[in-house]
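Quick notes on the structure that follows.
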Amino acid sequence: MWVIAFGLTVILFIKKPKEEEPSIYIFNAIMIGIVTTIIWILLDTKYSIKEEIIVFNSGPFRGNININTIRKIEHHSGLIVPVTFKPALNTKGLIVYFNKYDEIYISPDQEAIFLEELLKINTNFEVV
């Protein structure tokens, strides 16, 4: 993702605006927004446990999960993750199934310790 952010930034400086081409300013504004969001995600993706809640941040995407609603946690490795919401930067992580139909893919740095802490709060979920 760093390469993508760098590549998009290079494109911003290569493209020279012409006087008859005012749309370049709209293009530049969109590109700056995209690059800023990518860098924000790269620098601000983290997970923490506060009381009985998993708090996750990934750039502008933020949320929390009540640990007592977790049904199952599944280890996953690979580029294609069968989950819609993925506030994660790594290809190795955890798919957390919670509530009745909700699921999320996260990738904490210390997966084993993270799971241990979750199991201290709720022992009623399956780890696959």
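The values are calculated or read from the model by the stated rules, or taken from the named source; none is laboratory data. Source: prediction; values computed, not measured. Glycine also receives a Cβ, built like all others from the backbone with ideal geometry; neighbour counts cover every protein chain displayed. Ligands, DNA and RNA are stripped out before the accessible areas are found, and what is left, the full protein with its side chains, is counted by its heavy atoms. Shrake-Rupley method; radii C 1.70, N 1.55, O 1.52, S 1.80 Å.
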Quiz item: How many of the residues making up segment 110-128 are open to solvent by less than 50 Å² (accessible area, probe 1.4 Å) and under 13 Å from Leu94 (Cβ atoms)?
Solution: 5
Quiz prompt | All positions within segment 73-102 that are open to solvent by 60 Å² or more (accessible area, probe 1.4 Å), assigned to a strand (DSSP E or B) and either of a type in the set (A, V, I, L, M) or in contact with a strand residue (DSSP E or B) (Cβ under 6 Å, 6 or more places away or on another chain) (or both) | solution = Ser77, Lys92
Exercise. Quick one: Glu51 ticks every box in (1) acidic (Asp, Glu); (2) farther than 15 Å from Phe114 by Cβ; (3) surrounded by 14 or more Cβ atoms within 10 Å (Cβ to Cβ) except a single one, so which number is it?
Key: (3)
Exercise. State whether one or more residues within segment 64-84 are of a type in the set (D, E, K, R) and within 27 Å of Leu8 (Cβ to Cβ).
Key: no
Quiz item: Just wondering, is there one or more residues in segment 17-34 that are more than 11 Å from the chain's Cα centre (by Cα), farther than 19 Å from Ala5 by Cα and assigned to a strand (DSSP E or B)?
Solution: no
